[in-house]
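The values are calculated or read from the model by the stated rules, or taken from the named source; none is laboratory data. Not measured: the values here are computed from a predicted model. Cβ placement follows ideal geometry from the backbone for every residue including glycine, while neighbour counts extend to all protein chains displayed.
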Amino acid sequence: MIISKREKKEIDNLFKKVMALRIQSKSYWNYIFKLQSLGNKYTFSVAEKLCSSKKKSNRLIGINVISQLFTIKKSSKENIHKRLYRRESINVIKKFLNSQDEDILLATIYGLGHLNTSNIGQLIGKFSNHKKSKIRFAVAFALGGDESNTAINKLITLTKDKDPIIRDWATFSLGNIGERDTSIIREALFQRVKDRDANTRNEAIIGLAKRKDIRVIDIIQNEIETENPWGSIFEAIVEYPKREYLPALKNHWNKASKKERNEKFWFSLLNDAIKACNSIRK
């Protein structure tokens with residue numbers, strides 16, 4: 001793909017602007033996203049050079065840009081984001097897994113996750129017990145969707161992390177992004193249905209519902225009989241609907257006003273759950 005001098009100048013100006021900002025700045029990430037959306041060979045080449053810079057902030061820019069380079073392919077129905085230079089980007093940034101700098105390591109783990117690196121479990125699994133919670137969280141994010149035994153085992157470990165945010169995301173990655181269904185995965189999810197963190201608990205319930213685990217039926221029933229069940233419980237019901245849920249679900253629906261039903265997203269989830277249960281034959 002040949003780009004014009006004007007386009008090159010635009011890209012150079014964007015890199016110049018982001019290099020003048022701190023990573024904590026909102027404008028920093030706005031410029032990063034703009035560069036990511038200019039998914040062409042020139043953008044990749046500039047970012048690749050920055051990855052070799054002696055300046056840490058430049059290396060971070062390079063990693064962040066090539067981790068999600070894309071272009072938008074327009075179609076009659078919707079615009080599709082097409083990822084570019086995936087293999088080349090993986091080869092450029094995976095060398096930073098040996099970095100002693102935690103910010104560089106963090107960006108690299110996230111980057112490999114965004115790039116859907118095939119052997120990511122083997123590459124980053126060792127960081128699942130890192131002393132810094134932000135690194136462990138990045139691992140929980142990056143392993144989502146990896147079906148390898150290594151990745152699954154690391155995610156199971158992270159579902160028991162002391163940090164509730166990490167437990168939440170690891171449970172989500174294991175149970176909801178992942179599709180594998182084994183007794184080990186089910187048991188790991190079941191261990192989290194009584195987690196003191198509500199988000200983790202709900203992710204575990206959805207994960208079990210996806211796998212049609214009968215132990216989740218009574219758990220869901222108890223949840224929907226409370227005064228204000230979480231909307232995620234309705235998502236679990238859509239995954240594993242049962243007609244016995246209908247009385248409690250309809251009770252919540254009938255208590256609401258027409259305005260509430262039309263304006264609150266919670267009621268759209270409730271309505272989906274009711275429809276799913278009604279679709280089950282008596």
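Tabulated data
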read-out	value
Single residue of ASN153, ASN176 found to be at pLDDT below 95 and either more than 21 Å from LYS210 (Cβ to Cβ) or in a helix (DSSP H, G or I) (or both)	ASN176
Long-range neighbours under 6 Å by Cβ, at least six apart or interchain, first residue within 11 Å of ILE61 (Cα to Cα) within segment 1-26, second of a type in the set (Gly, Ala, Ser)	LEU21/SER27
Top-ranked residue in segment 140-193 [being over 21 Å from ASN116 (Cα atoms) and of a type in the set (Gly, Ala, Ser); ranked as surrounded by the fewest Cβ atoms within 10 Å (Cβ to Cβ)]	SER183
Single residue of ASN58, ASN13 found to be out of contact with any Phe, Trp or Tyr (no Cβ under 8 Å at 6 or more places or on another chain), part of a helix (DSSP H, G or I) and within 25 Å of ILE120 (Cα to Cα)	ASN58
Residues of segment 179-216 satisfying the condition of being in contact with a helix residue (DSSP H, G or I) (Cβ under 9 Å, 6 or more places away or on another chain), assigned to a helix (DSSP H, G or I) and of a type in the set (S, T, N, Q)	ASN199, THR200, ASN202
Residues that are within 18 Å of TYR110 (Cα to Cα), in contact with a helix residue (DSSP H, G or I) (Cβ under 8 Å, 6 or more places away or on another chain) and at pLDDT below 95, drawn from segment 7-33	ILE23
Filter result (exposed (fewer than 14 other Cβ atoms within 10 Å of the Cβ) and touching a helix residue (DSSP H, G or I) at 6+ places or on another chain (Cβ under 7 Å)) within segment 123-138	LYS132, SER133
Selected residue (only one of LYS73, LYS126, LYS82 is in a strand (DSSP E or B) and closer than 30 Å to ASN149 by Cα)	LYS82
